[in-house]
């Protein structure tokens, strides 16, 4: 276990606005993740990250299977084992089969071995995360999803890349990103 580069903020050390923010985040996430306790070192940043996450996780029109496929592919491309482990059950619940997950877990550049309907999404995520997005890959997904959902897809991928970078930069020990119960 490693120590984070910034200390998690304790509920008891917060002013009234901070406590309200803490409680809202804890209630929306089934408890207060250690990562968000670290983000609480900056109220504005916490609000921005929480709002961004709430939007891409709960308020896009992306179907749950697409949402989890994109998150799992992001985890693969970024080699984020925690993100993969954290979303594996959600991915299965969303309709991704073990064969789908095995295909998603193949490294970028490997021949696609999954369902053809998913190939365009995987190519899109790979291109976004590696900086190799082609016009053809973008246009295929835009034709499939339309402009609004394509933008939501870009934001979903960007959010999970951001979370990955925050964890790495702040040295947040992913396996211990536990949730404290929401204070009352």
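Worth a mention:
- Segment 47-81, subset touching a helix residue (DSSP H, G or I) at 6+ places or on another chain (Cβ under 8 Å) and over 30 Å from residue 119 (Cβ atoms), residue surrounded by the most Cβ atoms within 10 Å (Cβ to Cβ): 49
- Listed by position, the helices (runs of 4 or more DSSP H) contained in segment 98-170 that have at least 1 residues being at positive phi are 135-170.
- Here residue 84 fits the description: without any contact (Cβ under 8 Å) to a residue 24 or more places away in the chain, within 27 Å of residue 28 (Cα to Cα) and surrounded by 12 or more Cβ atoms within 10 Å (Cβ to Cβ).
- Within segment 18-46, being farther than 20 Å from residue 171 by Cα and in contact with a helix residue (DSSP H, G or I) (Cβ under 7 Å, 6 or more places away or on another chain) holds for 18, 19, 21, 22, 25, 28.
- Put simply, of 29, 5 the only residue that is surrounded by fewer than 14 Cβ atoms within 10 Å (Cβ to Cβ) and either within 27 Å of residue 149 (Cα to Cα) or modelled with pLDDT of 95 or more (or both) is 5.
The values are calculated or read from the model by the stated rules, or taken from the named source; none is laboratory data. Being a predicted model, the structure only gives us computed values, none of them experimental. Heads up, the Cβs are rebuilt from the backbone with ideal geometry, glycines too, and the neighbour counts pull from every protein chain shown.
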